[in-house]
Every structure is written in C-alpha cells, then in structure tokens.
Amino acid sequence: MHRGGWFMRTFPALWAHILDGMRSQPGSGGDAGGALNVRCVELHHYATGGHLLQPKHRDNGSALTISVMLSDPASTSGGAFVTYDEGAPVVHALGHGDAILFHSEKLHNVCTVTSGVRQALVVELWEAP
C-alpha cells in the first residue's frame, strides 16, 4: 500500500493523522519527530484459520508500529492482538477503528481467527530514509 505513495495520495488526511500521531509519541523511537520515515504500509488480512503465531515475532529494524483494527469485532471471532510483558501474554481487545502503537521490537502475535475476517492497517516507521 506504500509503493509509489498510493496510500498517502489516496487518503492524505488520514495519512497525516496517523503519521503525526506516531511521530509525536514520547520514548525511544518516538522522540525523533521528522526523523522517522515510512518503512511500510500494509493491509493485514486474516481469514478463518489465519494467524500470526510466530514465536518471538517482532518488526525487526523498525522503530514504531501501529496496527489499526479495520474489522468489526462483532463479525469476527478470535484474532486477538497479543503483546508480551516479561514473557506473559497481554491480550488487547481492539474495537473497530481502535489502534495499538508500540515499539516495533516488542514481541507480538495475532491469535487464530476462528470465524469471519480480521483486517488491520499496519504502519511501520524507521530511522532510514
């Protein structure tokens, strides 16, 4: 979705809102302001049986990641977004339009979708041009 700037051109106001919000976050990676650049803009689509259960998954090389839930949780079962705190899973119940912003090196997964379709907009920023 980021190739050739498609998402940025198609949804300029939404893109500005997402990017400004990500860049304004305090903490390592967020204080860089304009130094953080787009690494990728992706649509993550998980149908029934789909998941991201890769052990120790992280977005290597990026600084910040945001995942915006596009699906209505009432039409999907399973597919919870999980991060880990000192090895213990933390389940994040995201509603339609909710987002989670995290340091990209934080371990995370998406549980198996048991019915319906789970879609999320994912943006990663990094310090490279």
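Some observations on this one:
- With Cα atoms, 0 to 90° folded angle of helix 12-23 axis to the chain main axis: 90 degrees
- The chain: relative contact order as a whole-number percent, Cα under 8 Å and 6+ apart: 36 percent
- Charge dipole (the chain, unit charges on Cβ, about Cα centre) - positive-most of V91, T112, F11: F11
- In the chain, helical runs assigned H by DSSP with n ≥ 4 each contribute -39500 (n - 2.57); averaged across all residues and rounded to the nearest 500, the mean residue ellipticity at 222 nm is -3500 deg cm²/dmol.
- Förster-model FRET efficiency, 30 Å R0, E105 and H45, C-beta, rounded to 0.05: 0.80
- Scaling against 2.2 N^0.38 Å puts the C-alpha radius of gyration of the chain at 1.05.
- Cα gyration tensor, the range 62-129 - rounded (a/c under 1.5), prolate or oblate: oblate
Only the coordinates and a few stated rules stand behind these numbers; no lab work does. These figures come from a predicted structure and were not determined experimentally. Here Cβ is always computed from backbone atoms with ideal geometry, including for glycine, and neighbour counts include all displayed protein chains.
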